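Following: one structure in C-alpha cells, then a few remarks.
The values are calculated or read from the model by the stated rules, or taken from the named source; none is laboratory data. The model shown is predicted, which means the values in this text are computed figures rather than measured ones. Cβ atoms come from the backbone with ideal geometry, glycine included; neighbour counts cover every protein chain shown.
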Amino acid sequence: MILEHGRLDGPLTGTGKELRELAGFYRRELCDNIIPWWTKHALDRSRGGVFSCIKDDGTVVSRDKYVWSQTRALWTFSAACNRIEDRSEWREAADGLFRFCVDRCQTPNGDWNFVVDREGAVVEGPESIQTDAFAINALVEYARMTGNEESVDAAQRTYAAVMRKLGHPGSYGTAPFPIPEGTKAHKVSMQFSLSFTDLGRYLSDSKILASGLELTDDVLYHYYRPERKAIVEYLALNDHMLSPPVGTYMDPGHGVETAWFQIENLRGRPELEDGDRMERILGIVSCSLERGWDEEYGGLFLGVDIDGGKPYLENADSKIWYPHCEALCGTLMAYELSREPWCLEWYHKIHNWSFSHFPDRKHGEWTQRLDRRGARMNTVVALPVKDPFHLPRAFIYCVEVLERMEGRKQ
C-alpha cells in the first residue's frame with residue numbers, strides 16, 4: 001500500500017491491514033526522522049530550550065528563542081513519551097524544556113513572554129495570547145508524564161491570566177497577526193477551547209471544562225457559517241459577520257485544525273452525541289478542504305477569500321506545511337467519528353500531495369514553505385520560526401487514531 005517516499009498506491013478502505021500499515025509508517029517517520037532531527041540540531045543542551053530560528057538543513061540563524069516554540073517543543077517531547085514510547089532521551093528533553101519555560105519564559109502574573117534570548121532574558125514581552133494557549137497544553141502534557149505539581153500550578157496561573165484578558169477584548173496581543181480593532185478572532189477561541197478542555201480534564205474541574213465548551217460552541221455556532229460553507233477568521237464583537245476583506249478571510253488549515261480540536265474536546269462527553277455539533281464539525285472539515293484545495297497545482301492554500309476576492313493576509317496562495325499536517329490527522333479523526341468515505345478520499349489526496357512535496361530527504365525533516373506551484377519558498381510567512389510541533393503533533397495523533405480504529409489503543 002505504501003510506495004517509495006510514503007505515497008499511497010490507491011484509495012483507502014479502512015481495513016485493519018491498512019490502518020496497521022499506516023500507523024507503523026507514521027511511527028517510523030516520527031521516531032527515525034522527525035524527532036531525531038530536532039534532538040540533533042535544535043536542543044540547546046547548555047542553556048536550555050530549543051533554537052527556533054533554524055533552517056531546514058539544521059543551521060541556526062538566530063540564538064533568540066520564540067517562547068511558543070519552547071512550549072510547543074515541551075508538548076511534543078512529553079506527548080511522544082506519553083503516547084508513542086517512553087524514551088529516556090525524549091524525557092530528558094522534556095525535563096530541560098520544562099525548566100527553561102517556567103524559569104525563563106513565564107511572568108510572575110501568569111503571562112508568557114513572546115521572545116527571549118539564548119539565556120532566557122526577555123527580548124519581547126507578552127505580545128501574543130496564543131503563546132499562553134500553547135503553554136497550557138504543554139504544561140498539562142508534561143504533568144501527565146511526570147505528575148509534576150509545579151507544572152500544574154503554572155498551567156493554572158496561565159488559565160487565570162487568560163480568563164482576565166478574554167473578558168476585555170483588545171487587552172491582549174495576537175502577534176504576529178494583530179486582531180483588527182473592534183473584532184474577535186477564531187484562532188483565540190479555537191486554541192483556548194482545546195487548552196481549557198485539556199486542563200479541565202486533567203484537574204477534573206467542571207468550571208474550566210465549561211469555559212472550554214463555551215469556546216467550542218463559539219467556533220461551531222459563530223465562526224462556522226454553514227449557509228456560506230465557510231468558517232471565517234474574524235467576526236464583530238457581537239458575532240456578526242464583517243465586510244470584506246477582513247470578514248471574508250478563511251484559513252483552511254485553521255478550519256481543519258479547529259474541527260479536530262472540537263472532536264478531541266468532545267470525545268467521551270455526552271455533548272458529542274448532539275447530532276448538530278457533530279454535523280457542524282464535519283461541515284467545517286469539508287468546507288475547509290473544498291475551499292482550500294488548489295485544483296490547478298494541488299495542495300492547500302494558506303488563505304482564501306470566501307467571496308473570491310483578494311485574501312486579507314499576504315502569501316495566501318502559498319503552500320506551507322502546517323495546513324497539510326492538520327489535514328492529515330484531521331481527516332483521519334473525521335473518518336473515525338463519522339465513517340464517511342469522503343474523509344478517507346480527502347486523506348488520500350492530502351497524504352500523497354504532502355509526501356510528494358514537503359519531506360526533505362537529505363536532512364530528515366520537512367520543508368516548511370512552498371509557493372503555489374510547490375517549489376521551495378524563501379519568503380518568511382508570519383514568523384522566521386521552525387519548531388517541533390505541527391508535524392510531530394500530527395504524526396502522534398495519526399498513530400493514536402489509526403491504532404484506536406484498529407483496536408490496539410483505547
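For the structure I just gave you, tell me whether residue 300 is aliphatic (A, V, I, L, M), surrounded by fewer than 22 Cβ atoms within 10 Å (Cβ to Cβ), touching a residue at least 24 places away in the same chain (Cβ under 8 Å) and touching a Gly at 6+ places or on another chain (Cβ under 7 Å).
no
Among 131, 158, which is the only one that is under 18 Å from residue 389 (Cα atoms), within 22 Å of the chain's Cα centre (by Cα), buried (at least 17 other Cβ atoms within 10 Å of the Cβ) and in contact (Cβ under 8 Å) with a residue 12 or more places away in the chain?
Result: 131 is the single residue among 131, 158 that is under 18 Å from residue 389 (Cα atoms), within 22 Å of the chain's Cα centre (by Cα), buried (at least 17 other Cβ atoms within 10 Å of the Cβ) and in contact (Cβ under 8 Å) with a residue 12 or more places away in the chain.
I need the full set of residues from segment 35-73 which are crowded, with 16+ Cβ neighbours inside 10 Å, touching a strand residue (DSSP E or B) at 6+ places or on another chain (Cβ under 8 Å), touching a residue at least 60 places away in the same chain (Cβ under 8 Å) and farther than 16 Å from residue 103 by Cα, in order please.
Correct list: 38, 42, 52, 53, 54, 56.
Which one of these is closer than 23 Å to residue 313 by Cα and of a type in the set (A, V, I, L, M): 210, 236, 161?
Going through 210, 236, 161 in turn, the sole match is 236.
Going through segment 351-410 one residue at a time, which ones are of a type in the set (Asp, Glu) and over 12 Å from residue 322 (Cα atoms)?
Of everything in segment 351-410, those that are of a type in the set (Asp, Glu) and over 12 Å from residue 322 (Cα atoms) turn out to be 360, 365, 371, 400, 403, 406.
To keep it simple, each residue is scored yes or no on (1) closer than 18 Å to residue 288 by Cα; (2) touching a residue at least 60 places away in the same chain (Cβ under 8 Å); (3) touching a Phe, Trp or Tyr at 6+ places or on another chain (Cβ under 7 Å); (4) crowded, with 24+ Cβ neighbours inside 10 Å.
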| residue | (1), (2), (3), (4) |
| --- | --- |
| 225 | yes, no, no, no |
| 228 | yes, yes, no, no |
| 231 | yes, no, yes, yes |
| 235 | yes, no, yes, no |
| 238 | no, no, no, no |
| 244 | no, yes, no, no |
| 247 | yes, no, yes, no |
| 257 | yes, yes, no, yes |
| 263 | yes, yes, no, no |
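Across segment 37-51, what is the total count of residues that are touching a helix residue (DSSP H, G or I) at 6+ places or on another chain (Cβ under 7 Å) and under 14 Å from residue 365 (Cα atoms)?
1
Just the residues that are farther than 16 Å from residue 128 by Cβ and touching a residue at least 60 places away in the same chain (Cβ under 8 Å), please, taken from segment 173-200.
Across segment 173-200, the qualifying residues are 183, 193, 194, 196, 197, 198, 199.
So which residues in segment 296-319 are over 20 Å from residue 377 (Cα atoms) and either of a type in the set (Asp, Glu) or within 19 Å of the chain's Cα centre (by Cα) (or both), if there are any at all?
305, 307
Take the residues in segment 182-223 that are surrounded by fewer than 17 Cβ atoms within 10 Å (Cβ to Cβ) and of a type in the set (S, T, N, Q); name whichever of them is nearest to residue 166 (Cα to Cα).
183
Could you identify the single residue in 236, 259, 327, 316 that is touching a strand residue (DSSP E or B) at 6+ places or on another chain (Cβ under 9 Å) and farther than 30 Å from residue 360 by Cα? Step through it out loud before you land on a result.
On the way: 259 fails: farther than 30 Å from residue 360 by Cα; 327 fails: farther than 30 Å from residue 360 by Cα; 316 fails: farther than 30 Å from residue 360 by Cα.
After applying the criteria, what remains is 236.
Please return the ranges of helices (runs of 4 or more DSSP H) entirely within segment 241-340 where 3 or more residues are at pLDDT 95 or above and among the polar types (S, T, N, Q).
252-266
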